[in-house]
Structures are given as structure tokens and as C-alpha cells.
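Presented below is the structure to which this report refers.
Bear in mind that the values in this text are calculations on the coordinates, not laboratory data. These numbers were taken from a predicted model, which means no experiment stands behind them. When we count neighbours, we look across all protein chains shown, and the Cβ atoms used for this are built from the backbone with ideal geometry, even at glycine.
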């Protein structure tokens, strides 16, 4: 994948372990590439080979592989990392950062969509959740089991990355939500952040409210942090008054104990709960747009791509009262819940009063444009312009 040299075009480098689907973070990187390769002589530094066709198909981009160069860091080591049972995300980021530090090519702009990075120059970093906040959330620690192993792993990764706080704070920091921005500012001594919401891929049909079924969709992995069992409990209680309610779960179950427990619960409630596994994107879009309501279960979700998808599809969506997801539902307290009982009460109100439900939907209409690819690229381009105008001159590591 080699681009013809354009002497008049500025040069940019994007550092990202992988851009391959799935994953919201990789989707942000894909749309950054979409924007960057239209105006820069772009190099993408990755661990995993950059295969553009599945990226375009999954994320809705139209990246032209002839207009960029893909450099791979440590190609012999990456297959070993990929075979590991643990995700090793920090190790992958650290190895990529070390590879970047060894490069001596001048670039006008250096970026990463993979959280904080010491780029050894002022650059742009997009943070989904701060990498160096410790202790980590429980979901990040689940793969390691032993606290001593985890400490050794962190120490090794930090030594490889050789990142400094001052180096990280040299960058312009973009964040996926105001909530993540507050975490960054708290951890990095008030370091300023700019919120740039991730893009939701594709268009959703504009299905009138009257033509939608009065059911619920829930989109996301079948994993403990997604609280699928709590969602079923909430809607089971709602069904005591509204037995016509149905739940459409869209996700993939694994072989772990939690997935198996959820599968047994789904089977037990099969009269009104349906699980859709590994469905094509166009089928997911049609399903979500066919329902009036959506519900999400993860507490303290950093952003909530599934929530944004449901809002873009025109659903009225309820979310736990925490994290960046409340920004997607316009921080409306009527669409947030702190307990099963509170969720049941707020959902029941919308089901018994159609005018109230449509008021909630009207509240979410302005939110839809905030999460489009078009809005992401427009704002990203403007941020780059301001960054370069403020002194982003070519530098060499």
C-alpha cells in the first residue's frame, strides 16, 4: 500500500495498533484516515496490517488505499501478541509508541486515536478512556486475575513506551465525551481537552413513530459490564403492565459463564426476548429503526456507541445515570436511571402516555446530527486547521 509522493501536500502520520473492525476506537481511527488522506500525504503506522476493504464495509468509509502508506511496526512480534488469551492492549500501544520514537521522518502532523501517547513532539491524541489512570476499571483487570502479574505487566509496558506526563500534555487532547474529558483533566493536572463525539456509521431510515413496534432494542456485547440481566429484569417488570413489550438483544455471546447464564435467561424468556447474533449491519439498522425504544445497561460507559446508534435511528433510549452516555440522551433526567425501580417507573410513564413518549423523542431529534460521520469530519478538519495555525510546523523526532 504505497502512495505517490505529493511535494505540495503536507505530511501526516497516524499511529494506531489496528484499524480493523469491529470496535468504536478503530472506527474513530478509520474516519480520521478518511479525513486525513483527503488533504495530507498520509502514513498510517500500525501493528496489524491495514486491510481497507473490510474497514470501508464495516465503518462506511471510502478510504482509497492508493492514497496512503501503511508502515507496520514489529511485524514478526504482532502475530504472537494476537494469539495471547489476554487483550494486551497496553502492550500493543507501548510497542507502537516505541516504534514511533525510533522514526526520524519529518511530519507536519502526528496523531493517534488510541488514547494518550508521548509522540516526542506536539501532536493530537484522541482519548476514549485515559490509558494511564490506575487502578484500572474492573473490566480492564478481568483478564489478568493476579494483582502481582498486573503490576509487572504495567511496569514492563511503561518501560517499553517510555512515555512522560510532560510529553503527553504537549498534545492537543480530543476526548469522546465531556465525562472522559473530566477524567483527563483530573488525572493530568487540568490539561485542557476538546470533546469530539465519535461518528456512528451509516444512515438510518426515518421510520414514523406510528409505524414502529412498541418494543425495545439493546445493542452490545454479551458481557458482565453490559448488565444484560438487569435489562431483562427491568423489562420483565414493565411487562407486568404492558405485556406487549418485546426485547430485541443484538450481540454476540461467548463461552464464558456470564454469556451462558444470559443465554439460559433468554431461552427462559423466549416468548418475549429474542437474541440476534452476528447479524449484518443492514439488518441491524432495519431492526433498530423498526422499534420505538432502546435501553442500555452499562454503568459509567465512556461514550456509548450503541446508545448513539439507537438515538440516530430515532429510538427513545434509557441509559444508566453515569458516564458519557448521558450526553447522548441530552442529559435528560427522564431518560436516565439509577435503579431497576427507577427505570421501570420512567419507562412505564412513556408507555402509558404516548404524548410524553413523543416529547422524549423530540428531545433527542437534535442529537442525531451530533453523531454523524459528516459532523465528525467537519469538526475534525476544523480542529486540525486550528492546531496547525497555532504552530504545528514540521518536526523531527
What is segment 209-370's relative contact order, in percent, from Cα pairs under 8 angstrom and six or more apart in sequence? 23 percent
FRET efficiency, 1/(1 + (r/R0)^6) with R0 25 Å, evaluated for residue 241 and residue 363 via beta carbons: 0.60
(1) 21.5, 74; (2) 25.7, 89; (3) 21.8, 68: which one is Rg and Dmax of the Cα atoms in Å as calculated from this entry? (3)
Using only Cα atoms, locate the centre of segment 4-52 and the centre of segment 250-327, then give the distance between them in Å, rounded to an integer. 30 Å
For the chain, longest principal axis from Cα atoms; helix 340-352 axis from its Cα atoms; angle between them, nearest 10 degrees, is 70 degrees
Pop out the Kirkwood hydrodynamic radius of segment 1-82 from its pairwise C-alpha distances, inverse of mean 1/r, in Å to one decimal. 12.9 Å
Given a Förster distance of 51 angstrom, what is the FRET efficiency for residue 86 paired with residue 354, based on the Cβ-Cβ distance and rounded to 0.05? 0.55
Alpha carbon centre of segment 199-223 versus segment 78-131: separation in Å? 34 Å
Round to the nearest 10 and give me the degree value, 0 to 90, for the angle of helix 354-364's Cα axis relative to the longest principal axis of the chain. 0 degrees
Value of relative contact order over the chain, rounded to a whole percent, pairs C-alpha under 8 Å and six or more apart: 16 percent
Simple label model, 7 Å out from Cα along Cβ direction - residue 187 to residue 270, nm: 4.4 nm
Most exposed to least, judged by fewest other Cβ atoms within 10 Å, 92, 169 sort to 169, 92
For the chain, longest principal axis from Cα atoms; helix 257-268 axis from its Cα atoms; angle between them, nearest 10 degrees, is 30 degrees
Simple spin-label model, 7 Å along Cα-to-Cβ: residue 252 to residue 277 in nm? 1.1 nm
So, by mean Cβ neighbours within 10 angstrom, what's the order for 219-226, 351-358 with the highest one leading? 219-226, 351-358
By count of other Cβ within 10 Å, fewest leading, how are 179, 318 ordered? 179, 318
State the extension gain, in nm to one decimal, for the chain segment bounded by residue 162 and residue 76, taking 0.36 nm per residue of separation less the distance between their alpha-carbons. 28.8 nm
Estimated FRET transfer efficiency (residue 194, residue 38; beta-carbon r; R0 25 Å; 0.05): 0.75
According to a simple spin-label model (label point 7 Å from Cα along Cα-to-Cβ), what is the distance in nm between residue 286 and residue 147? 5.2 nm
